[in-house]
Structure formats: C-alpha cells, structure tokens
C-alpha cells in the first residue's frame with residue numbers, strides 16, 4: 001500500500017492510493033437484494049418528454065386506458081375518441097383525453113479514475129454498486145437507461161437500454177469496468193451534456209477530486225437535466241487515522257510529498273475538507289442540483305433502501 005496526496009495548491013483533500021484487484025469476486029447485487037429493489041423506483045421531480053410508452057405518468061395527454069379530461073373536438077382528431085354520449089346530451093363534440101405514460105431517460109455516470117481505487121472497500125466498487133442498484137430500479141420501471149464511465153473524458157458506455165431483461169447484461173458491464181488514470185469531471189460532464197439528445201435524470205457518482213467538477217455539474221444543469229451529485233468518500237478521507245512521518249504519493253499524477261502528520265495538520269485537513277464539501281454543496285444549491293454525500297462505511301443496503309428513500313431519490 002502506498003500513501004497518496006494532492007498538492008495543497010490544488011485545494012483538494014489527500015487520498016491514499018491502494019492498488020487493488022479490481023475484478024469483482026462477488027456479484028455487485030445479490031438476488032435477494034434485487035428482489036427488494038423491485039418494489040421501488042427512481043423519483044423524478046420534473047416532467048420530461050419520453051420517446052415510447054413506459055410506466056411513468058406524464059402531464060401530457062395521450063391514449064392510454066385511464067381517462068383524464070375532455071376537450072372540444074377539432075378537425076383531424078381521431079373519431080374513435082369522441083364521446084358520443086356527451087354529443088347526444090349536449091349536441092357538441094368532445095374528445096376524451098387519457099393519461100399518457102412515458103419512459104424516462106436515466107443516465108448513470110461513474111467516475112473511473114485512479115482516485116476512486118482508494119479505500120476498503122474501494123470507492124470505485126461502492127460507486128459501481130450504487131450505479132447497478134439505480135440502473136436496476138430504472139430498468140424494472142421501463143425507463144431508458146444509459147451507463148457511462150469517465151476519467152479525463154467519457155470512456156465507455158452501455159445503452160441506452162430498457163426493460164428488466166437487460167439488467168444482467170448491464171451488471172456484467174459494470175463488473176468489467178476498470179479504474180485508472182486521471183479525471184476531469186468538467187470535460188467529461190460537458191461532453192456528456194453536448195452528446196445527450198434528450199434531458200432526463202442524471203446521477204454522477206464520484207469523489208469529485210478534480211479542479212473542474214463544478215463546471216461540469218453546471219453544464220449538466222444548464223442543459224435541463226435533473227442532476228444528482230453523489231459524492232462518495234472513504235471513511236479514512238473523512239476522518240484520517242494517519243500519524244508520524246509519511247511519504248504521500250498522488251494516485252493520479254505520481255507526485256510525491258513527505259510530511260509529518262500532527263494534530264495541527266489533521267485539523268487543517270479537516271478545515272480544508274469542509275471547505276471543499278461546502279463549495280460543492282453551495283454550487284448544487286445554486287443550480288438546483290441534488291447533492292448527496294456518501295461514506296463507503298455506510299452499509300450498502302441501508303444506503304439504497306433507507307438513506308436514498310429519505311432523501312427522496314427513490315420511493
């Protein structure tokens with residue numbers, strides 16, 4: 001194990017680098033947990049235009065089987081939807097309107113840079129499990145789901161896809177991802193915002209240990225996405241237990257620094273970490289982005305089934 005840090009000028013907290021086997025020995029989600037997820041769904045606070053029928057109620061009026069309202073008939077309307085009983089009583093033509101159901105576009109972006117390999121369990125493994133759970137929820141509800149990994153730019157993609165039948169394939173894709181290299185959330189998220197054809201729900205799962213992550217989140221919000229920033233940190237990053245003389249190595253750039261860890265240095269680190277997290281939260285509030293801070297020490301099932309439900313991300 002090699003300790004790692006970032007230079008103070010970067011304004012980011014340090015992170016130890018752990019080179020670990022990134023192959024997943026166990027499945028990301030167990031069959032028992034998948035059954036628990038089938039009763040839940042992702043929550044969208046906005047209405048987005050879908051492409052095909054799904055299982056979400058839209059504010060638009062369409063042609064499902066559930067009645068919603070009437071409107072006056074205009075030339076060219078489908079005569080099959082005329083209310084002939086109303087015509088017999090009122091001698092006016094009314095068209096029946098029904099609740100239309102749409103699919104929702106859901107994008108799950110996983111930070112696959114080297115800083116995500118830190119921790120026990122590695123933040124990258126935890127992030128993939130979060131993406132797998134959210135993706136399964138969306139697939140079970142016939143939402144249109146796309147999974148992305150990114151570092152300095154967008155790397156690989158699975159989807160868009162929909163339907164529970166694609167869940168196993170999406171899990172295998174996530175299990176096959178590898179974390180390496182540096183990250184630039186700003187460049188990667190701006191690229192995604194430009195490439196995405198339709199807005200929808202976007203969850204960015206990252207430690208946000210790069211200089212331009214705020215610009216990337218702003219770009220997503222500016223394109224009309226409903227964004228959730230899922231800030232994943234290891235407990236050692238939140239409350240370091242380091243002491244004594246250490247050589248710290250940046251996990252992404254390889255730069256080294258020798259330090260002596262004192263109580264004063266740890267207090268300064270905690271202050272810098274609070275400033276870093278506060279800046280992220282302030283940006284999210286300003287641009288209407290949902291911000292969630294997640295510690296990898298949180299039991300995973302509690303995170304999904306309890307914490308995310310309390311925060312209104314799923315129901």
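Report, by residue number, each residue of the stretch 176-192 that is within 21 Å of residue 130 (Cβ to Cβ) and either crowded, with 18+ Cβ neighbours inside 10 Å or under 15 Å from the mean Cα position of the chain (by Cα) (or both).
Residues satisfying the conditions are 177, 179, 183, 185, 188, 189, 192.
State the number of residues belonging to the stretch 282-309 that are over 16 Å from residue 133 (Cα atoms) and either part of a loop (DSSP other than H, G, I, E, B) or free of Cβ contacts under 8 Å to residues at least 12 places away in the same chain (or both).
Summing the residues that are over 16 Å from residue 133 (Cα atoms) and either part of a loop (DSSP other than H, G, I, E, B) or free of Cβ contacts under 8 Å to residues at least 12 places away in the same chain (or both) in the stretch 282-309 gives 7.
Residue 210 - would you say it is in a loop (DSSP other than H, G, I, E, B) and buried (at least 24 other Cβ atoms within 10 Å of the Cβ)? Steps first, answer last, please.
Values: in a loop (DSSP other than H, G, I, E, B): yes; buried (at least 24 other Cβ atoms within 10 Å of the Cβ): yes.
Answer is yes for this residue.
Within the group 293, 239, 285, which residue is in contact with a strand residue (DSSP E or B) (Cβ under 8 Å, 6 or more places away or on another chain), assigned by TED's automatic domain parsing to the domain that holds residue 200, within 22 Å of residue 125 (Cα to Cα) and exposed (fewer than 15 other Cβ atoms within 10 Å of the Cβ)? Step through it out loud before you land on a result.
Working: 239 fails: in contact with a strand residue (DSSP E or B) (Cβ under 8 Å, 6 or more places away or on another chain); 285 fails: within 22 Å of residue 125 (Cα to Cα).
Only one candidate qualifies: 293.
Against the definition (part of a strand (DSSP E or B), over 12 Å from the mean Cα position of the chain (by Cα) and more than 20 Å from residue 129 (Cβ to Cβ)), how does residue 242 come out, yes or no? Outline the logic, then answer.
Details: part of a strand (DSSP E or B): no; over 12 Å from the mean Cα position of the chain (by Cα): yes; more than 20 Å from residue 129 (Cβ to Cβ): yes.
Considered against the rule, which asks whether it is part of a strand (DSSP E or B), over 12 Å from the mean Cα position of the chain (by Cα) and more than 20 Å from residue 129 (Cβ to Cβ), residue 242 comes out as no.
Please tell me if residue 203 is in the same structural domain as residue 117 (by TED's automatic domain parsing), touching a residue at least 12 places away in the same chain (Cβ under 8 Å), under 27 Å from residue 311 (Cβ atoms) and within 21 Å of the chain's Cα centre (by Cα).
Working: in the same structural domain as residue 117 (by TED's automatic domain parsing): yes; touching a residue at least 12 places away in the same chain (Cβ under 8 Å): yes; under 27 Å from residue 311 (Cβ atoms): yes; within 21 Å of the chain's Cα centre (by Cα): yes.
Criteria met by residue 203.
Tell me which of these residue 222 doesn't satisfy, since it passes every other one: (1) touching a helix residue (DSSP H, G or I) at 6+ places or on another chain (Cβ under 8 Å); (2) closer than 27 Å to residue 253 by Cα; (3) surrounded by fewer than 22 Cβ atoms within 10 Å (Cβ to Cβ).
The single condition residue 222 does not satisfy is (2).
For the condition at negative phi, part of a helix (DSSP H, G or I) and touching a strand residue (DSSP E or B) at 6+ places or on another chain (Cβ under 6 Å), what is the one hit in 138, 133?
Working: 133 fails: touching a strand residue (DSSP E or B) at 6+ places or on another chain (Cβ under 6 Å).
Of the residues listed, the single one that is at negative phi, part of a helix (DSSP H, G or I) and touching a strand residue (DSSP E or B) at 6+ places or on another chain (Cβ under 6 Å) is 138.
Can you find a residue that is surrounded by 15 or more Cβ atoms within 10 Å (Cβ to Cβ) and within 23 Å of residue 213 (Cα to Cα) anywhere in the stretch 251-260?
In the first step, residues of the stretch 251-260 are kept if they are surrounded by 15 or more Cβ atoms within 10 Å (Cβ to Cβ); the result is 251-252, 257, 259.
Retained after the next criterion (residues that are within 23 Å of residue 213 (Cα to Cα)): 251-252.
Yes, because at least one residue in the stretch 251-260 is surrounded by 15 or more Cβ atoms within 10 Å (Cβ to Cβ) and within 23 Å of residue 213 (Cα to Cα).
Do you know which residues across the stretch 155-182 are outside any loop (DSSP other than H, G, I, E, B) and on the phi > 0 side of the Ramachandran plot? Steps first, please.
Step one: filter the stretch 155-182 for residues outside any loop (DSSP other than H, G, I, E, B), giving 155-161, 164-175.
159 - this is the single residue of the stretch 155-182 that is outside any loop (DSSP other than H, G, I, E, B) and on the phi > 0 side of the Ramachandran plot.
The values are calculated or read from the model by the stated rules, or taken from the named source; none is laboratory data. Source: prediction; values computed, not measured. No Cβ is skipped: glycine too gets one built from the backbone with ideal geometry, and neighbour counts run over all protein chains shown.
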